[in-house]
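The values are calculated or read from the model by the stated rules, or taken from the named source; none is laboratory data. Just so it is clear, the structure is predicted and the values come from calculations on it, not from any experiment. Neighbour counts run over all protein chains shown; Cβ positions are idealised from the backbone, glycine included.
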Amino acid sequence: MYIFYSGAVTHDSAILTGDELIHCSRVLRKKTGDTIFITDGLGTLFEARILTLHKTAANCQITSVVKKESPVHNWSIGITPTKNPGRLEWFAEKATEIGISELILFYSERSERKNVNTVRLSNIMISAMKQSGNLILPTVVEKKSTDEALRYCQKYKRKFIAYCGEECQYLPKIKNKVKEGIVLIGPEGDFTETEVRQAEAMGFIPVSLGQSRLRTETAALVALVMLHLG
């Protein structure tokens, strides 16, 4: 069963555009009257019938709700974009497959990259969501600085910042059985001590991810897996 994604779903209709439209009409050769399956990225799978096919959009009628899912975990990751954009894209893909609530992109004092193609990143995450069979598409938020990211993350009750300091506690030992929260991952050169102290003052707990010095995207994936275990 192939699943399409639509960000324009109501109680009785859905619209396919962009890559989803191209795949529907040109690759899979779907036509008016055909039945397809659509997810809204919010946990619901719909059965729908194609009403009209145009160059810019396919209008579909929702005929039934097939399945609804709720996330088992609501963990989010904040990450500074890697110098090589492909490494961030790799993480975003794998995080979507594993399950992540929100991806927060922010630029710290030592960040070497100051921009991200969020449209491309979102498309990669949509593909990963469909490939993995997940029905929940993570949201992507971009913040200009560590300070902005810290303030944005105040909505989370459990907040961690991964850091290579000696005083850090091992993440799996302190996360307990809480199923939601945020972990911030710094750049290749790590967070500055000033950034860590600011995070602590705002309720973040400095944590270690183990003995190895990990790449940014590897650290983010390891943190996510640790959060999902137990």
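Some observations on this one:
- Some residue of region 21-28 being closer than 20 Å to ILE3 by Cα, in contact with a Gly (Cβ under 9 Å, 6 or more places away or on another chain) and surrounded by 17 or more Cβ atoms within 10 Å (Cβ to Cβ): no
- Among the residues of region 198-225, those that are closer than 11 Å to ALA162 by Cβ, outside any helix (DSSP H, G or I) and not polar (S, T, N, Q) comprise PHE204, ILE205, PRO206, VAL207, LEU209, GLY210, LEU214.
- Tally of residues being of a type in the set (Val, Ile, Thr) and either crowded, with 17+ Cβ neighbours inside 10 Å or not assigned by TED's automatic domain parsing to the domain that holds LEU221 (or both) across region 99-123: 3
- When we screen LYS173, LYS177 for residues that are loosely packed, with under 13 Cβ neighbours inside 10 Å and either outside the structural domain of LEU88 (by TED's automatic domain parsing) or not in a loop (DSSP other than H, G, I, E, B) (or both), the only hit is LYS173.
- Residue in region 154-171 that is among the β-branched types (Val, Ile, Thr) and under 18 Å from the mean Cα position of the chain (by Cα) present: yes
- Under the condition of being within 8 Å of the chain's Cα centre (by Cα) and either part of a helix (DSSP H, G or I) or at negative phi (or both), the residues counted in region 94-103 number 6.
- The set of residues in region 180-194 that are of a type in the set (A, V, I, L, M, F, W, C) and assigned to a loop (DSSP other than H, G, I, E, B) contains only PHE191.
- Filtered residue count, region 5-60, keeping only those that are part of a strand (DSSP E or B), hydroxyl-bearing (Ser, Thr, Tyr) and closer than 21 Å to LEU137 by Cα: 4
- Taking region 130-164 as the range and being in a helix (DSSP H, G or I), crowded, with 17+ Cβ neighbours inside 10 Å and modelled with pLDDT of 95 or more as the test, the residues that pass are THR146, ALA149, LEU150, CYS153.
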